[in-house]
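The values are calculated or read from the model by the stated rules, or taken from the named source; none is laboratory data. Here the structure is a predicted model, which means the values were calculated and not measured. Cβ sites come from the backbone with ideal geometry, for glycine too, and all protein chains shown count toward neighbours.
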Amino acid sequence: MKIVTFLAILTSFFQGCTRNTSNKDFNIVLITIDALRPDHLSCYGYKRRTSPTIDKIAKQGVIFKNAVAPSTWTAPSMVSLFTSTSPINHGVIDRRVNNGKVYDQQVFSDELVTLTEVLQKNGYTTFGVASNLHLGESLGFARGFDFFECLSFLPAPSVNKALFAWEDEIKKSNKFFLWIHYIDPHFPYHPRKPWINYYTSDRGKTENIAKLSIPALWERYVELTQDNQTQTKQEVTDFVNSLLALYDSDINYIDYYLRSVIQKFKLNKNTLIVITSDHGEGFFEHRILGHTYTLYQETIHIPLIVKLPRSTQGEIFSTQVNLVDIFPSILQLLNIDPPEHVVGKPFLSEDGIRKGLSEKEGRDCYFSELGSFKSKAILTDDWKYIYNYDDETDQLYNLKKDPLETNNLAEKETVRCRNLKARMFEWVSNAKKYPVKEQCYSFTLEEKEKLEALGYIETQ
């Protein structure tokens, strides 16, 4: 893998990557892995070998270093992916939890045509398996699918089992679109064998930590960080490392089961493969475990790997992209006009050549939003501005010099802060808002219990 300039990319593609663009009958596979951080994938430079299957796909395709999620939890981000609209547009903003009470989740408007509906209309047989209750049929995610199943937070083997039940239908399809959503890297983290053995020297302690709830983990973290003694600091490090070992074993677990899907359906041939995530995951970088609470990079920086139907050599692109760009990029490759509501920009051209998304082409920033619109962020290539609506505070970070967001420059870079804030508020004012459906989905008691176990629901 090498980082190259846009001009060098363009030249290498023209010289060495000739494609037969007259044939648009390739298959499309979209793989979304819940709560997956890019910096925990080997192909993104992670020190541990967590993702051999994904790495192999990346070597034949394109890695986007700076992909951003439009929100910090599953439903808003996935609606954005499938409709190419921001949460402020589609209105699915959070899990509707307030003061310990669970309210109904919003359903996005029928006015928003989904990627699946467009592909189905253009001759694709469509298949989807999602292992997250927030992505269910009643919530609009089955629209355009010929075959669809939403599983109740079940692990990768169950996802594959549901998918393999359609083996005959998939293989006899003239061309198919397949969406797979795996849940496993999401909390609760599991000591997946044999991989957990590679990542920790004290498996017993790590397995005990895996049994704790998010409140219990947070309580333990607070206890440890109240003491600044050297011994306690090491205990904090060991505690966080145990969580990371669990998380990494879950990633390798997913990667293992993904390999069987690739092999069974021979997805290395004549297939566009897109691998990404709905959001990241925090491990106390800003004193937060999990996601949904902040717009820091650990929760909105996501992987994006694209393998074209006709393989290319592996490349790494540093241009900023967003989940909303996937929909128009796929249609661009198929030479299909996108619906009018699409806000994303294609990062592929009709023949697969990478399109620059530079400032000259009108895409020099992206936005990300917290549930209930409590916070919003605007990101340029080097800078990130966050505004919190509750206390009207500003945060400004130079992501190039301060990727961990430890130094808030809002008071020092006042002009830049003011300009980015003005752009964000202009975007908010001009954003077209689609009505959410009045008939909303109510979770059953069993589903609420599962959501609570995953940290989605707060109880009193």
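Having 2 or more residues that are within 24 Å of P76 (Cα to Cα), in contact with a Ser or Thr (Cβ under 9 Å, 6 or more places away or on another chain) and touching a residue at least 40 places away in the same chain (Cβ under 8 Å) is the bar; report the helices (runs of 4 or more DSSP H) wholly within segment 133-249 that clear it.
156-164
Any chance segment 241-259 includes a residue that's over 24 Å from G45 (Cβ atoms) and either out of contact with any His (no Cβ under 6 Å at 6 or more places or on another chain) or of a type in the set (S, T, Y) (or both)?
no
May I ask you to say which residue of N241, N160, N252 is of a type in the set (S, T, N, Q), out of contact with any Lys or Arg (no Cβ under 6 Å at 6 or more places or on another chain), at pLDDT 95 or above and under 23 Å from H291 (Cβ atoms)? Quick ask: steps written out before the conclusion?
On the way: N241 fails: at pLDDT 95 or above; N160 fails: under 23 Å from H291 (Cβ atoms).
After applying the criteria, what remains is N252.
Taking the conditions exactly as written (surrounded by fewer than 16 Cβ atoms within 10 Å (Cβ to Cβ), under 23 Å from L323 (Cα atoms) and at pLDDT 90 or above), does P346 satisfy them or not?
Answer is no for this residue.
Would you confirm whether any residue within segment 146-159 is β-branched (V, I, T) and touching a Gly at 6+ places or on another chain (Cβ under 9 Å)? Give the steps one after another, and end with the answer.
Of the residues in segment 146-159, the ones β-branched (V, I, T) are 159.
Okay, now just the ones that are also touching a Gly at 6+ places or on another chain (Cβ under 9 Å), so none.
Within segment 146-159, not a single residue is β-branched (V, I, T) and touching a Gly at 6+ places or on another chain (Cβ under 9 Å).
Pick out the one residue from I300, I330, I336, I275 that is at negative phi, surrounded by fewer than 18 Cβ atoms within 10 Å (Cβ to Cβ), of a type in the set (V, I, T) and out of contact with any Pro (no Cβ under 6 Å at 6 or more places or on another chain).
So the residue among I300, I330, I336, I275 that is at negative phi, surrounded by fewer than 18 Cβ atoms within 10 Å (Cβ to Cβ), of a type in the set (V, I, T) and out of contact with any Pro (no Cβ under 6 Å at 6 or more places or on another chain) is I336.
What single numbered condition from (1) in contact with an Asp or Glu (Cβ under 7 Å, 6 or more places away or on another chain); (2) of a type in the set (S, T, Y); (3) buried (at least 22 other Cβ atoms within 10 Å of the Cβ); (4) under 21 Å from I262 (Cβ atoms) fails to hold for S131?
Exception for S131: condition (1).
What pairs can you find where one residue is in segment 115-126 and over 16 Å from T271 (Cβ atoms), the other is buried (at least 17 other Cβ atoms within 10 Å of the Cβ) and hydroxyl-bearing (S, T, Y), and their Cβ atoms are less than 7 Å apart, with a gap of 6+ or different chains?
The qualifying pairs are T116/T126; Q120/T126.
Yes or no: segment 197-205 includes at least one residue that is acidic (D, E) and over 16 Å from D255 (Cα atoms). Before you say what the answer is, go through the steps one by one.
Going through segment 197-205, the residues acidic (D, E) turn out to be 202.
Remaining after also requiring over 16 Å from D255 (Cα atoms): 202.
There is at least one residue in segment 197-205 that is acidic (D, E) and over 16 Å from D255 (Cα atoms).
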